[in-house]
Amino acid sequence: MTEEARALAAAATLGLDVDVTRHGPVSSLAEAATARGVEPHQIVKTMVVRVSEGEHVFVLVPGDREIAWPKLRALLGVNRLTMASAEAAYDVTGYVRGTITPLGSRTPLRVVADASIEGLVSLGAGAPGVAITVDAAALVAALAATVADVTDPPD
């Protein structure tokens, strides 16, 4: 099963109603938003964060925001967090960076979704140039995500 098929199968298993968008390579958030027919804030980045040896979490972040590390550390009750390396993220999820999605991950991970994620959102679907558009509330519910303010607003 391809990575894309795995992500889409997971979405179906979770009962998510998704629209699939396929587009060519993009080099910026603005290009990705245009290719997907959404606004930059509607793109959701799936970040793999290392909590401790052998423990990772997904953090869902709007495209125009960055993780607020102090907020995320406080939420998770830890003093130190790091982004997973590309290799570690692949080992944990089965997806290469730039295509990572919380859907169909090789290893089930807790999901933290930033509180600003709402409405229709677009996120990676496991393969380059493939994304899904889905209702944020349905996605958060299906993933049993913890919703919290874990990002800083755009500049």
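The numbers here are math on the coordinates, done by the rules we state, and not lab data. Everything numeric in this text was worked out from a predicted model, so none of it was measured. So basically every Cβ, Gly included, is an ideal-geometry build from the backbone, and we count neighbours across all protein chains shown.
Which whole-number percent gives the relative contact order of the stretch 3-152, counting Cα pairs below 8 Å spaced six or more residues apart? Relative contact order of the stretch 3-152: 32 percent. Rounded to the nearest 20, the size of the Cβ-charge dipole of the stretch 3-152 about its Cα centre is 320 debye, with Lys and Arg at +1 and Asp and Glu at -1.
Of the peptides 32-39, 126-133, the order by per-residue mean of other Cβ atoms within 10 Å, starting with the highest, comes out as 126-133, 32-39.
Residues in the stretch 62-73 carry Karplus couplings, in order, of x, x, 9, 10, 10, 4, 9, 4, x, 5, 5, 4 Hz; the curve used is 6.51 cos²θ - 1.76 cosθ + 1.60 with θ = phi - 60°, and Gly or Pro positions show x.
Once the C-beta distance of Glu31 and Asn79 is scaled by a Förster radius of 35 Å, the resulting FRET efficiency is 0.40 to the nearest 0.05. The phi torsions of the stretch 123-128, fed into the Karplus equation with coefficients 6.51, -1.76 and 1.60 and a -60° offset, translate into couplings of 9, x, 10, x, 9, x Hz, rounded to whole numbers, with Gly and Pro shown as x. Contact order, relative form, for the stretch 29-71: 34 percent (alpha carbon pairs under 8 Å, 6 or more residues apart, mean separation divided by residue count). In this structure the amide hydrogen of Arg110, modeled in the peptide plane, comes within under 5 Å of the amide hydrogens of Phe58, none closer than 5 places in sequence on its chain. Calculated FRET efficiency, Glu55 to Ala115, Cβ-Cβ distance, R0 = 30 Å: about 0.85 to the nearest 0.05.
Peptides 91-103, 134-146 ordered by packing proxy, namely the average of other Cβ atoms within 10 Å per residue, highest first: 91-103, 134-146. In this structure the amide hydrogen of Ala84, modeled in the peptide plane, comes within under 5 Å of the amide hydrogens of Val48, Val49, Arg50, none closer than 5 places in sequence on its chain.
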